[in-house]
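**Q** Take a look at the following structure, please.
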Amino acid sequence: MSTITSLIEQLRDTPEGAFFNPWYEQDPENDLPENAPDIRRKQLECYLSERIESAKYLFIAEALGYQGGHFTGIAMTSERILLGHHKPVHGIPADGAFTEIEPRRTSKPEVNAKGMSEPTATIMWKAIYQLGLNPYETVLWNALPWHPYNPDEGLLSNLTPIDDELEQGYPALQTFLDIFADGRIIAVGRKCEQSLDAFGISYTPVRHPANGGAPKFRRQMKDLMNR
């Protein structure tokens with residue numbers, strides 16, 4: 001039987017290559033506390049466990065990003081969202097991810113004084129609240145759960161995963177889908193569609209909000225909720 005504990009244990013096995021594992025690796029240049037991986041692992045565990053009985057929508061994107069899950073441990077979720085810094089501007093309160101523990105940043109202040117902010121995360125969470133969705137009925141995940149980066153640019157960079165790399169995320173993706181088996185699957189972007197096609201399961205596609213896709217993403221999300 002798939003459990004959150006077994007999923008988090010699966011995440012220990014980082015693929016070979018330029019991947020950062022936020023739950024089991026320290027970012028030597030950018031992490032603030034020495035126990036940063038423990039913080040990120042606990043935050044992911046709380047995020048998932050507080051949705052185990054309520055999940056209705058599974059939003060699955062491509063891969064973890066350096067401005068989001070790299071420092072929070074949670075897909076499409078930035079430090080500024082966890083800390084409530086986006087509430088005044090974007091209407092995203094700090095209690096939408098979890099309530100069991102106090103949210104914490106793991107990046108150094110010199111990386112970003114207010115914590116990292118990820119455009120995709122902001123657009124996704126803002127859409128959730130604008131559409132009137134209960135955030136505890138939504139679960140965010142990535143087809144490739146780890147953070148692929150450009151080795152020439154360092155850990156504060158993103159790199160689009162190739163097909164072989166996407167396949168490395170299949171076992172964790174299967175476990176995630178088993179845990180939230182009753183949730184409606186929404187594929188955020190083509191790369192996620194590619195992974196889900198390999199499983200032969202049904203899903204609803206929406207445009208990834210990055211690279212100018214935000215307006216179409218918002219329209220599709222609104223249409224999705226009206227069906």
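**Q** Could you list all residues from the stretch 110-162 that are within 26 Å of P205 (Cβ to Cβ) and among the β-branched types (V, I, T)?
**A** Across the stretch 110-162, the qualifying residues are T120, T122, I123, I128, T138, V139, T160, I162.
**Q** Among what's in the stretch 136-148 and is closer than 16 Å to I92 by Cβ and in contact with a strand residue (DSSP E or B) (Cβ under 6 Å, 6 or more places away or on another chain), pick the residue that is surrounded by the most Cβ atoms within 10 Å (Cβ to Cβ).
**A** Across the stretch 136-148, the extreme among qualifying residues is L140.
**Q** Taking the criterion of being touching a His at 6+ places or on another chain (Cβ under 8 Å) and either loosely packed, with under 15 Cβ neighbours inside 10 Å or polar (S, T, N, Q) (or both), would at least one residue in the stretch 126-135 satisfy it?
**A** Checked against the condition, which is being touching a His at 6+ places or on another chain (Cβ under 8 Å) and either loosely packed, with under 15 Cβ neighbours inside 10 Å or polar (S, T, N, Q) (or both), the stretch 126-135 yields no hits at all.
**Q** Specify which of the listed residues (I162, I74) is under 28 Å from D197 (Cβ atoms), of a type in the set (A, V, I, L, M) and loosely packed, with under 14 Cβ neighbours inside 10 Å.
**A** I162
**Q** For the stretch 1-106, please list each of the helices (runs of 4 or more DSSP H) lying entirely inside it that holds at least 3 residues being under 24 Å from N150 (Cα atoms).
**A** Output list reads 36-49, 69-72.
**Q** From the set of residues in the stretch 44-66 that are more than 20 Å from A143 (Cβ to Cβ) and touching a Phe, Trp or Tyr at 6+ places or on another chain (Cβ under 7 Å), which is surrounded by the fewest Cβ atoms within 10 Å (Cβ to Cβ)?
**A** Out of the qualifying residues, it is S54.
**Q** Step by step: first the residues of the stretch 185-218, then only those that are modelled with pLDDT of 95 or more and β-branched (V, I, T), then the one that is surrounded by the most Cβ atoms within 10 Å (Cβ to Cβ). Which residue is that?
**A** Among residues in the stretch 185-218 that are modelled with pLDDT of 95 or more and β-branched (V, I, T), the one surrounded by the most Cβ atoms within 10 Å (Cβ to Cβ) is V188.
**Q** Where the second residue is part of a helix (DSSP H, G or I) and crowded, with 18+ Cβ neighbours inside 10 Å and the first is of a type in the set (V, I, T) and lies in the stretch 126-137, which pairs have Cβ atoms under 6 Å and are six or more apart or on separate chains?
**A** I128/P135
**Q** Would you check which residues across the stretch 107-118 are part of a loop (DSSP other than H, G, I, E, B) and not hydrophobic (A, V, I, L, M, F, W, C) and list them?
**A** K108, P109, E110, N112, K114, G115, S117, E118, listed by residue number.
**Q** If a residue has to be among the basic types (K, R) and at pLDDT below 95 to count, how many in the stretch 1-49 make the cut?
**A** Within the stretch 1-49, residues that are among the basic types (K, R) and at pLDDT below 95 number 0.
**Q** Still on this model: Looking at L196, is it in contact with a strand residue (DSSP E or B) (Cβ under 7 Å, 6 or more places away or on another chain), in contact (Cβ under 8 Å) with a residue 60 or more places away in the chain and closer than 20 Å to P119 by Cβ?
**A** In short, no.
**Q** Hey, can you tell me all the residues within the stretch 30-58 that are under 15 Å from D182 (Cβ atoms) and not aliphatic (A, V, I, L, M)?
**A** Matches in the stretch 30-58: R51, E53, S54, K56, Y57.
**Q** Still on this structure, I have one more. Assess whether Y170 counts as being of a type in the set (F, W, Y) and over 15 Å from L196 (Cβ atoms).
**A** no
**Q** Is at least one residue of the stretch 88-102 within 20 Å of I186 (Cα to Cα) and modelled with pLDDT of 95 or more?
**A** Within the stretch 88-102, one or more residues are within 20 Å of I186 (Cα to Cα) and modelled with pLDDT of 95 or more.
**Q** Next question, about the same structure. Return a yes/no flag: does the stretch 191-214 have any residue that is under 19 Å from F20 (Cα atoms) and of a type in the set (G, A, S).
**A** no
The values are calculated or read from the model by the stated rules, or taken from the named source; none is laboratory data. These numbers come from a predicted model, not from an experiment. Neighbour counts run over all protein chains shown; Cβ positions are idealised from the backbone, glycine included.
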